[in-house]
Amino acid sequence: MAYTFEHLKQQCQQEWDAYIQHDFVRQLGEGRLAPESFRHYLKQDYLFLIQFARAFALAAYKSTTLDDLRHAKAGLSAIVDLELGLHIQYCKEWGISEQELQALPEARATLAYTRYVLDTGNRGDLLDLHVALAPCLVGYGEIANWLNTRAQTLRGEQNPYDAWIGMYESAEFQEAMHAEIDWLNCELADVTPRRFERLGRIFSDATRLEIDFWAMGLELRQ
């Protein structure tokens, strides 16, 4: 059979739903998330993005075709040239300076997930790495879309986190999400059942680490 990204999600549907519909996400969408929890998340997400930029640099190194190299370059450029700048500016709006961000220690959840991705990429091939990255890139887009289906989600000035939802529902991010899904679908189509089983474990592990990242923000874990 030809595997797809949907099959990866189905392999760990319970974990995926727990990630997409986490209480951190629900509270954010309803505008009742504690500001200190959101600030803690924002700070760690800055460190998270730096490590993910390294992961896309690793993807470039692992690339064996020009198309894959361009795909990796686009991901690296999106983080370094666009997303990090927007994130720094967004942090300033929440009273967090760039100097403070640069001096932060990584929380255990940040270390666990980002190093898992890098280790998976170093040990495996390009597909292993992209599967480990997918819960972040695809998941955030799905989270924004899920929030927009909920009657409890507040939008506009009544929600202090509206800009966060807007970032991941944007045409640019949704396009990047679908481009990643298309790439994964193309690569997964030819894998064997044994190979898919291994990829499913990677995807499940990465999803569980994303759940821990939400819990880190919600519970102010260091």
In the neighborhood of Ile20, defined by Cβ-to-Cβ distances under 11 Å, what is the net charge if each Lys or Arg adds +1 and each Asp or Glu adds -1? -2
Using the crude model of +1 on Lys and Arg Cβ and -1 on Asp and Glu Cβ, and no other charge, please compute the dipole size for the chain relative to its Cα centre, in debye to 20. 500
Summing -39500 (n - 2.57) over every DSSP H run of at least 4 residues in the chain and dividing by its residue count gives a helix-only mean residue ellipticity at 222 nm, to the nearest 500 deg cm²/dmol, of -24500 deg cm²/dmol
For region 1-86, report the translational diffusion coefficient in µm²/s to the nearest whole number, using Stokes-Einstein at 4 °C, 1.567 mPa s, and a Kirkwood Rh over Cα pairs. 83
In the Gaussian network model of the chain, springs joining C-alpha atoms below 10 Å, which of Ala179, Ala134, Ala53 carries the largest mean-square fluctuation? Ala179
By a straight-distance test (C-alpha under 25 Å), which lysines pair with Lys92 as possible cross-link partners, with residues fewer than eight away in the same chain excluded? Lys43
With helices defined as uninterrupted DSSP H runs, which ones in the chain have an alpha carbon span along their own long axis of at least 30 Å and mean Kyte-Doolittle hydropathy of at least -1.0? 35-62, 126-147, 193-219
Mind checking which of Leu129, Ser170, Ala215 is farthest towards the positive end of region 121-222's charge dipole, using Cβ charges of +1 (Lys, Arg) and -1 (Asp, Glu) about the Cα centre? Ala215
Given labels modelled 7 Å from the Cα in the Cβ direction, how far is it in nm from Gln10 to Gln27? 3.5
Here, Glu172 and Thr64, labelled 7 Å along Cα→Cβ, have an inter-label distance in nm of 3.4
Need the C-alpha centroid separation for region 202-222 versus region 45-104, integer Å. 19
Please give me the summed charge of the neighbours of His71: other residues whose Cβ is under 12 Å from its Cβ, Lys and Arg +1, Asp and Glu -1. -2
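Here, each number is a calculation from the coordinates, and none is a lab measurement. Predicted model only: the values in this text are computed from it and were never measured. Heads up, the Cβs are rebuilt from the backbone with ideal geometry, glycines too, and the neighbour counts pull from every protein chain shown.
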